[in-house]
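The values are calculated or read from the model by the stated rules, or taken from the named source; none is laboratory data. Since we're looking at a predicted model, the values are computed, not measured. Cβ coordinates were reconstructed from backbone atoms using ideal geometry, including for glycine residues, and neighbour counts include every protein chain displayed.
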Amino acid sequence: MTASDAHRAIDAVWRIESARVIAGLARMVGDVGVAEELAQEALVAALEQWPEQGVPRNPGAWLMAIAKCRAIDLWRRQERLERKLEEIGHGIETDADVTQAEFDAVLSDDIEDDLLRLVFTACHPVLSTEARVALTLRLLGGLKTDEIARAFLVTEPTVAQRIVRAKRTLAQAQVPFEVPQGSELTDRLSSVLEVIYLVFNEGYSATAGDDWMRPALCEEALRLGRILAELMPGEPEVHGLVALMEIQSSRSAARTGPSGEPVLLLDQDRTRWDLLLIRRGLAALERAETLDGAFGPYALQASIAACHARAPAPEDTDWARIAALYEALARLSPSPVVELNRAVALTMAVGPAAGLELVDQLTSEPALKGYHLLPSVRGDFLAKLGRLDEAREEFERAAALTRNERERTLLLERAAACKREPASPSEP
């Protein structure tokens, strides 16, 4: 294995395993900042050893074992080794042959609970909303600072500062590593839902890299959402979020072509949509509808996704209802991104002139500066209106803004197609 191959493997393993490792460590040491540092030390060890020794059979177990040893070294320096050893047990293995059973034993106190504790700890009210989301994306999703910045449409130094301050604040406030109870649980739910959905979105449409999707992140977010649904069965927005993620996940197999290239919604082979996930999503939406209270933003987005799921063919889509749902969502949670999606729905329901008029109003929005989907959507509308030269310029600008290689290729292809025929609309 070459060094570059090993580094790519390490990056992939880190994306998948880091949340589990950090969550397990946080339960042991009671400090998410220290837990991440220990996990990072294990990552450094992997970068040093795997290029020469090869990737171990159970890389997550290897990382966890190394991190545990670093924790013991830390406790030894703090003269607390004996007490901590009694808590986590003896006989720690540190080589690459750690078995999966031993890894599971390390996290025997339900990894799902550990991850949920990690989410609620990172979303503690002692932190700002922005810091809660950024920290959890870092700890749960293993995302880099620049990827989080893209999700927030803010600068990288801003996100880095939020993460550092958040970990320091949690340590100084001695925030317990636990799931809150009673009214506190309800109060902190909205920030947790926001975090989970942002993690899902990063997996559903990766902001950078060579892959259009990161399925492991989608699966992790969906699993956390299902845990929340079991924990809070009377909360409609929890079921709304689960419904949204289930239905969106149902399209995963159809969203990429044979070579991994993106396939837009209206071009997807709907026979490849996962009917089980659609049924689960519609059932979750029905549960949200039967609970008291007005629809929240996640339930409204799930209703939009359901319109697509119920349409056997693209031409059967109820675009008028989708546009109305986006209008309701805009009133409830005003956002230029929501307005951009509403413009797509208006184009499909009424015509591209209506969509272009709305998009043109968004071009001066500071939050959308550098957001590649704005010129991409505008290019769609211009192409439909026959203004192909302008459309080509918009697609090329969008390609220059995106950092996902698959998406860049698609946008450049659509720019080239403007010399021949109108391009397909964006996925709303």
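Numbers below:
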| quantity | calculated |
| --- | --- |
| Yes/no for residue 395 being under 20 Å from residue 319 (Cα atoms) and either assigned to a loop (DSSP other than H, G, I, E, B) or not β-branched (Val, Ile, Thr) (or both) | no |
| Any chance residue 170 is over 21 Å from the mean Cα position of the chain (by Cα) and modelled with pLDDT of 90 or more | yes |
| Hits in the stretch 233-263 - residues which are buried (at least 16 other Cβ atoms within 10 Å of the Cβ) and either in the same structural domain as residue 376 (by TED's automatic domain parsing) or not in a helix (DSSP H, G or I) (or both) | 235, 250, 251, 255, 256, 262, 263 |
| Count of residues meeting criterion [in a loop (DSSP other than H, G, I, E, B) and touching a residue at least 60 places away in the same chain (Cβ under 8 Å)] in the stretch 28-67 | 2 |
| Test for residue 342: is it under 30 Å from residue 191 (Cα atoms), touching a helix residue (DSSP H, G or I) at 6+ places or on another chain (Cβ under 8 Å), basic (Lys, Arg) and surrounded by fewer than 20 Cβ atoms within 10 Å (Cβ to Cβ) | no |
| The stretch 238-253 residues that are over 11 Å from residue 204 (Cα atoms), paired with ones that are among the basic types (Lys, Arg) (beta carbon under 7 Å, 6 or more apart) | 239/287; 242/226; 246/280; 253/272 |
| Count - residues of the stretch 301-334 that are without any contact (Cβ under 8 Å) to a residue 12 or more places away in the chain and closer than 22 Å to residue 362 by Cβ | 3 |
| Search result, residues across the stretch 81-100 that are modelled with pLDDT under 55 and not β-branched (Val, Ile, Thr) | 81, 90, 91, 93, 95, 96, 97, 100 |
| Test: residue in the stretch 56-63 that is exposed (fewer than 14 other Cβ atoms within 10 Å of the Cβ) and either modelled with pLDDT of 85 or more or closer than 30 Å to residue 232 by Cα (or both) | no |
| Criterion (modelled with pLDDT of 80 or more, more than 20 Å from residue 404 (Cα to Cα), part of a helix (DSSP H, G or I) and among the β-branched types (Val, Ile, Thr)) met by exactly one of 195, 133 | 195 |
| Failed condition for residue 274, given (1) surrounded by 16 or more Cβ atoms within 10 Å (Cβ to Cβ); (2) charged (D, E, K, R); (3) touching a residue at least 60 places away in the same chain (Cβ under 8 Å) | (3) |
| Residue in the stretch 284-305 that is modelled with pLDDT of 95 or more, within 21 Å of residue 381 (Cβ to Cβ) and either in contact with a helix residue (DSSP H, G or I) (Cβ under 7 Å, 6 or more places away or on another chain) or aliphatic (A, V, I, L, M) (or both) present | yes |
| Unmet requirement for residue 269, which otherwise passes all of (1) exposed (fewer than 15 other Cβ atoms within 10 Å of the Cβ); (2) in contact with an Asp or Glu (Cβ under 8 Å, 6 or more places away or on another chain) | (2) |
| Answer residue from the stretch 213-232, given it is more than 26 Å from residue 291 (Cβ to Cβ) and surrounded by 22 or more Cβ atoms within 10 Å (Cβ to Cβ) and is nearest to the chain's Cα centre (by Cα) among those | 217 |
| The stretch 122-144 residues that are surrounded by fewer than 24 Cβ atoms within 10 Å (Cβ to Cβ), paired with ones that are among the acidic types (Asp, Glu) (beta carbon under 8 Å, 6 or more apart) | 125/187; 129/194 |
| Some residue of the stretch 55-65 being among the aromatic types (Phe, Trp, Tyr) and over 24 Å from residue 121 (Cα atoms) | yes |
| Hits in the stretch 25-45 (condition: more than 25 Å from residue 173 (Cα to Cα), at pLDDT 85 or above and in contact with a helix residue (DSSP H, G or I) (Cβ under 7 Å, 6 or more places away or on another chain)) | 42, 45 |
